[in-house]
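Asker: Okay, here's the structure, questions in a sec.
The values are calculated or read from the model by the stated rules, or taken from the named source; none is laboratory data. Source: prediction; values computed, not measured. As a convention, Cβ positions derive from the backbone with ideal geometry for all residues, glycine included, and neighbour counts pool all protein chains shown. We work out accessible area using only protein heavy atoms, side chains counted, and drop any ligands, DNA or RNA first. Shrake-Rupley method; radii C 1.70, N 1.55, O 1.52, S 1.80 Å.
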Amino acid sequence: MEYVSHNRPFQVLTMMEQSQRMEAPMVRIDSTVVSPTPNSYVAHVSWKPYDNPALLLGYKLQMRENDGGASWTTVAPCLSGTEVKKKNLTSKNGYTFRVRPVLRGETDTSESNLETSVSEGGNSVPFSSPTVVIGQKKSKKSSSGSGNSGLIKLFSGLPKDCLYAKGGTKSVPVTEALADFDFVFLYASAGWCGPCKRYTPELIKFYNTCRSLYGQAPNTTKSVEIVFLSADHDLNGFKLYYAGMPWLAVPYDCDLREKLMSHIKVTGVPRLTVLDGKTGKILESNAVGRALDLARFTKMLK
């Protein structure tokens, strides 16, 4: 076992210090903002205003990676507002944040190595409690797919054992692409189909919401992936339609596409079949026309 050491002993806040502390900030992953760094995400951090504005200069915000021994680092020493967006977050362990008011005439505000938040005899206010951890990812199963072998068997026959991703601009091994999801949806649809073109934006919204929720609370939220099965008349139609989709797809010229459509009994489109992400068992043959509600799907696993 590895133990974490600290430069200074822990200290207990006095009742006065505790009463002056701000509430922990609110934090969420903001999927509407594009982070400049590849494979990174953006945290939206906000907090309630300090209750004595006459003394307030601003707010000091700190963050820490959720990794045993990581130190607090300062995001901003004196913010004038009560919210901030922190870009370029990359840790799979996630991050937590804390805030304190910066007051006029502060004295004795030592924060040795940024590890303590105790007011040391002066008039500084201690940091808030930390936020919940955001951005923490579940550990992936090995690439052998042993934890979801039932699902992976359904995709036997893919060219080079790969699915399309990112609108067809990338190929991903199926064992990696479908690793450790609670639900996998098979979406049979076509660009020539009017109802499909109306349904797809709703499904994209549901998909993005699910991914965002899972990013914020991976330990309490079910994970979702979608695989597109094209019913387009030709390869060009497939490419044009799939280019606007954020999920995976079976290659158009692969025999598996029609086999899977037969497996889920596609007689018309759109059709959205819900699979158990581990066993590949069909949980709902067609979710089109019913609520796209993650809580409703979650009940199917129980």
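Asker: Report the gain in length on full extension from Ser46 to Trp192: 0.36 nm times residue separation, minus Cα-Cα distance, nm rounded to one decimal.
Answerer: Full extension from Ser46 to Trp192 adds 48.1 nm.
Asker: Here's a follow-up. Quick one: if the Förster radius is 22 Å, what FRET efficiency do His263 and Asp161 give, using the C-beta to C-beta distance and rounding to 0.05?
Answerer: Efficiency, rounded to the nearest 0.05: 0.75.
Asker: Report Tyr50's accessible area, 1.4 Å probe, all protein chains in place, as a number in Å² to the nearest 10.
Answerer: Tyr50 has an accessible surface of roughly 30 Å² with all protein chains in place.
Asker: To the nearest 0.05, what FRET efficiency results for Thr279 and Ser71 with a Förster distance of 45 Å applied to their C-beta separation?
Answerer: Here the calculated transfer efficiency is 0.55.
Asker: Then there's this: Return the lysines within reach of Lys48: Cα separation strictly under 17 angstrom, same-chain partners fewer than 8 residues apart disregarded; answer none if there are no such residues.
Answerer: In chain and number order, the partners are Lys60, Lys85.
Asker: Let me ask another. What is the extension gain from Lys302 to Leu240, computed as 0.36 nm multiplied by their sequence separation minus the C-alpha to C-alpha distance, in nm to one decimal? Provide the component values of the computation, followed by the final result.
Answerer: Details: separation 62, 0.36 × 62 = 22.32 nm, distance 3.84 nm.
Between Lys302 and Leu240, full extension yields an extra 18.5 nm.
Asker: For a quick protection proxy, order the peptides 293-301, 261-269 by their average other-Cβ count within 10 Å, most packed first.
Answerer: The packing order, highest mean first, is 261-269, 293-301.
Asker: Still on this structure: Give me, ordered by chain and number, the residues 5 or more places off Val75 or on other chains with an amide H under 5 Å from its own placed amide H.
Answerer: Result for Val75 returns Leu61, Gln62, Met63.
Asker: Further question on the same structure: What shape does segment 256-302 have by the C-alpha gyration tensor, where a ≥ b ≥ c are the square roots of the eigenvalues, rounded means a/c under 1.5, and otherwise prolate means a/b greater than b/c and oblate the rest? Can you show the working numbers first?
Answerer: Working: a/c = 3.08, a/b = 1.39, b/c = 2.22.
Here segment 256-302 falls in the oblate category.
Asker: Right, here's the next one. Can you pull out the trypsin sites (Lys or Arg not before Pro) in segment 155-240 whose DSSP state is coil and whose Cβ has at most 12 other Cβ atoms within 10 Å?
Answerer: Of the trypsin sites (Lys or Arg not before Pro), not one in the loops of segment 155-240 has a Cβ with at most 12 other Cβ atoms within 10 Å.
Asker: Please give the Cα centre distance for segment 218-291 versus segment 158-175, rounded to the nearest Å.
Answerer: 14
Asker: Under the rule a/c < 1.5 gives rounded, and otherwise a/b versus b/c splits prolate from oblate, where does segment 160-253 land using the Cα gyration tensor? Show your work: numbers first, answer last.
Answerer: On the way: a/c = 2.46, a/b = 1.39, b/c = 1.76.
Since a/c reaches 1.5 but b/c is at least a/b, the shape of segment 160-253 is classed as oblate.
Asker: Compare the Cα positions of Ala179, Ala243, Ala287 along the charge dipole of segment 143-302 (+1 at Cβ of Lys, Arg; -1 at Cβ of Asp, Glu; about the Cα centre) and return the one farthest towards the positive end.
Answerer: So the residue we want is Ala287.
Asker: Calculate one ³J(HN,Hα) per residue across segment 150-156 by plugging θ = phi - 60° into the Karplus curve 6.51 cos²θ - 1.76 cosθ + 1.60, and present them in order as whole Hz with x for glycine and proline.
Answerer: Along segment 150-156, the couplings run x, 5, 4, 4, 5, 9, 5 Hz.
Asker: Per residue of segment 77-86, in order, report the coupling 6.51 cos²θ - 1.76 cosθ + 1.60 (Karplus, θ = phi - 60°) as ³J(HN,Hα) in whole Hz, putting x for Gly and Pro.
Answerer: For segment 77-86, the Karplus-derived couplings read x, 7, 7, 8, x, 10, 7, 7, 10, 9 Hz, x marking Gly and Pro.
Asker: Using amide H atoms built in the peptide plane, which far-off residues or other-chain residues are under 5 Å from Leu248 H to H?
Answerer: The list, which skips near neighbours in sequence, is Ile226, Phe228.
Asker: Across segment 160-172, in residue order, what do the Karplus-derived ³J(HN,Hα) couplings come to in whole Hz, using 6.51 cos²θ - 1.76 cosθ + 1.60 with θ = phi - 60° and x for Gly and Pro?
Answerer: So the Karplus estimates, Gly and Pro as x, are 6, 6, 10, 9, 7, 9, 6, x, x, 8, 8, 10, 10 Hz.
Asker: A further question follows. Between Glu202 and Val172, what length in nm is gained on full extension when 0.36 nm per residue of separation is reduced by their alpha carbon distance?
Answerer: 8.3 nm
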